[in-house]
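Note sheet for the following structure.
The values are calculated or read from the model by the stated rules, or taken from the named source; none is laboratory data. Just so it is clear, the model here is predicted, and its values are computed rather than measured. Because the Cβ atoms are built from the backbone with ideal geometry, glycine has one as well, and the counts that use them run over all protein chains shown.
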Amino acid sequence: MKNYKYDLEERLIQFSIDVILVFGKSEDNFASQHLSKQLIRYSTSAALNYGEAQSAESPKDFLHKMKICLKELRESLVNLKIQKGTN
């Protein structure tokens, strides 16, 4: 039985959905639009890379894909901190 409370794929997908809903309609200034578009790309990329890692061809390939996923999540965090600091 799968414990969905800790299902990383579902949590990454939900994070992507939340980002799209919150930042999909950003303010009409260049900085806000720029950061929002990047954040949407980072968050969805993390979920998509996690999905790709699930069919990795080797343990090394899996680790590489998971590192990419982590990188995208770190970029998302920094982006959110920048947006928080400018509000």
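Evaluate the following for GLU75: is it at pLDDT below 95, under 23 Å from THR86 (Cα atoms) and among the acidic types (Asp, Glu)?
Working: at pLDDT below 95: no; under 23 Å from THR86 (Cα atoms): yes; among the acidic types (Asp, Glu): yes.
So GLU75 does not fit the description; no.
Note down all Cβ pairs under 6 Å where the first residue falls in the stretch 50-62 and is closer than 15 Å to ASP7 by Cα, the second is of a type in the set (A, V, I, L, M, F, W, C), and they're at least six residues apart or on different chains.
That search, which allows pairs on different chains as well, returns TYR50/LEU12; TYR50/CYS69; ALA53/PHE62; ALA53/MET66.
Give just the number: which of (1) more than 13 Å from the chain's Cα centre (by Cα); (2) closer than 19 Å to GLU10 by Cα; (3) buried (at least 17 other Cβ atoms within 10 Å of the Cβ); (4) in contact (Cβ under 8 Å) with a residue 40 or more places away in the chain does LEU35 not satisfy?
Of everything listed in (1) more than 13 Å from the chain's Cα centre (by Cα); (2) closer than 19 Å to GLU10 by Cα; (3) buried (at least 17 other Cβ atoms within 10 Å of the Cβ); (4) in contact (Cβ under 8 Å) with a residue 40 or more places away in the chain, LEU35 misses just condition (2).
So, of the residues in the stretch 5-32 that are closer than 20 Å to THR86 by Cα and of a type in the set (Ser, Thr, Tyr), which turns out to be surrounded by the fewest Cβ atoms within 10 Å (Cβ to Cβ)?
The qualifying residue surrounded by the fewest Cβ atoms within 10 Å (Cβ to Cβ) is SER32.
Could you grab me the full set of residues in the stretch 56-87 that are in contact with a Lys or Arg (Cβ under 9 Å, 6 or more places away or on another chain) and farther than 17 Å from PHE15 by Cβ?
Hit for the stretch 56-87 is ALA56, nothing else.
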